[in-house]
């Protein structure tokens, strides 16, 4: 009976302590001026007492006392009372740092310096990563990984704490998820501490959920991140299986993902600012309103709806982690499926701001003067990396499918085949002028030519190696060059086409950006030929001076194209149907982007005049500037 009762007792002790302490802390904070005023990036409308993380801190240590000071039997786990004694001063330092920041305010770099010192102290007291997947780290690597883990988790929970109840709720869900996974790995004693943290969070959430009566502040968000980091690396969650490391990463996946997006976004914006010749006014420390919760709020949802959506995401990730623990022999398959689903969700719904900023940075780089030497070195290096990767993949794959496997070391095999399998394709890339073209302005046939160069080079390699080769080796040799060509040719083309892909991606992002839709004029294009391609590409990099455009669709004289998509836009019909299409799609401006017959152009103008909307003609003009001598 005692083995079962310890779980609810620890959880309830922490929850009750958090409730009672939060009730007392709120009035005390108000009396002493610990009040978060609205304004700026803050989304609350009224002053709210904060630094409520003190209550979570004390409640968690109440749970630790119940776990370690009462002789529970049995107790199976790695978190003994010695761990608690090490954790107490470290957690006090974290809470003190957060409280100072809440009360008096610290610069971002000074706060980061404090976090770094505390993380170093944690390493010195034995809270270390030490190994991942059973691989022991050297001291220097272990120190770097440990510091990075603590800093990442503390700042992740600090950044995600932007909606009432969000950080505390995510921490509670993550704690329960990791705790359940530890039960499946026969570590019930360690589960108790995760339940204690979950209870402390839920008790505080009683007053922190929307509309919040008290905020965590940096006092609480830093403590939650530090506690999750310390608990995860002190238990079997760092064991030798993929499930061991996957569970804590998945459980705190929402704040980690938000932090990765923030680092990516702020890095790109820093590049954009410096690229304009300005000062480096943007950095990692610069706050913005593009976090996940801000984006969801911009869609019209209130704070409670946003919190529940991100709770659901955390529950889903924690559930995947538990499945990985239960079916650890299928962990790779489960994680791979989760990765592909997550990648689709990220690209489709979450990371469009980062993709847009990254695309702008790439296009800005394209617009700069071409630096031939740098470009040449980039393509040469990328081609050599791709060819070597293709060869290694071919050698490893063929060795794996052979019954006995190769007795020759991989390094010797690689050295044997490099002169032919790498040298000849590289030579043909040079002969096909792969390093003398401006690739972001290239035609499709030029992209295709570099793929053909790789294939021909691989075929030449096979032909030369046939000389003096026994018949028994020809099959292996053929399979090797086929794999090499099949892997390398698409990648060589892809690297060169990536800039064009970015242009198309930027156009797609601009079409799906709600902010741009609100400010842009709804536009209908007349025509769907090659000039339309140029017009749409121009919109990607530069909107017209008279205002941004949102292309809704096209009309075209060719009835065969009706209902089909050209350049990503639907053909609604022909010019005679404009009278119905304009009100149906709320068209605000018409662009004629292809040469039309005079009768067709007049029809478009007459129809537009009825609805009082402007018509503009866009064309690529040919103009003679110098009269030839013969004339």
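Which ordering of 610, 213 is given by a fewest-first count of other beta-carbon atoms within 10 Å?
610, 213
Using the count of nearby Cβ atoms within 10 Å as a rough guide to exposure, how do 60, 308 rank from fewest to most? The partial results should precede the final answer.
Details: 60 26, 308 15.
Lowest count first: 308, 60.
So, in nm, how far is label residue 384 from label residue 109 when the simple model puts each one 7 Å beyond its Cα toward the Cβ?
Those two pseudo-labels are separated by 3.8 nm.
Normalise the Cα radius of gyration of the range 514-617 by 2.2 N^0.38 Å (N = residues in it) and let me know the number.
Working: Rg = 12.8 Å, N = 104, 2.2 N^0.38 = 12.8 Å.
Expressed relative to 2.2 N^0.38 Å, the Cα Rg reads 1.00.
Given an 8 Å cut-off on Cα distances and at least 6 residues of separation, report the relative contact order of the range 514-617 as a percent.
31 percent
Once R0 is set to 35 Å, what does the formula 1/(1 + (r/R0)^6) return for the Cβ-Cβ distance between residue 476 and residue 337, expressed as a FRET efficiency to the nearest 0.05?
Values: r = 34 Å, r/R0 = 0.97.
The computed FRET efficiency comes out at 0.55.
Apply 1/(1 + (r/R0)^6) to the Cβ-Cβ distance of residue 263 and residue 92, taking R0 = 30 Å, and write down the FRET efficiency to the nearest 0.05.
Taking R0 as 30 Å, the efficiency between residue 263 and residue 92 is 0.55.
Ranked highest first by the average count of other Cβ atoms within 10 Å around their residues, in what order do 95-102, 188-195, 460-467 fall?
Highest-to-lowest ranking by the protection proxy: 188-195, 95-102, 460-467.
I need 50, 447 ordered by Cβ neighbour count within 10 Å, fewest first. Let's see the in-between values first.
Values: 50 22, 447 17.
Exposure proxy ranking, most exposed first: 447, 50.
Which three semi-axes in whole Å describe the equivalent ellipsoid of the range 107-161, each the square root of 5 times a Cα gyration tensor eigenvalue, listed largest first?
23, 13, 8
Read-outs: derived from the displayed coordinates by stated rules, not from any lab. Model, not experiment: these values are computed from the prediction. Reconstructed Cβ throughout: ideal geometry from the backbone, glycine too, with neighbour counts over all protein chains shown.
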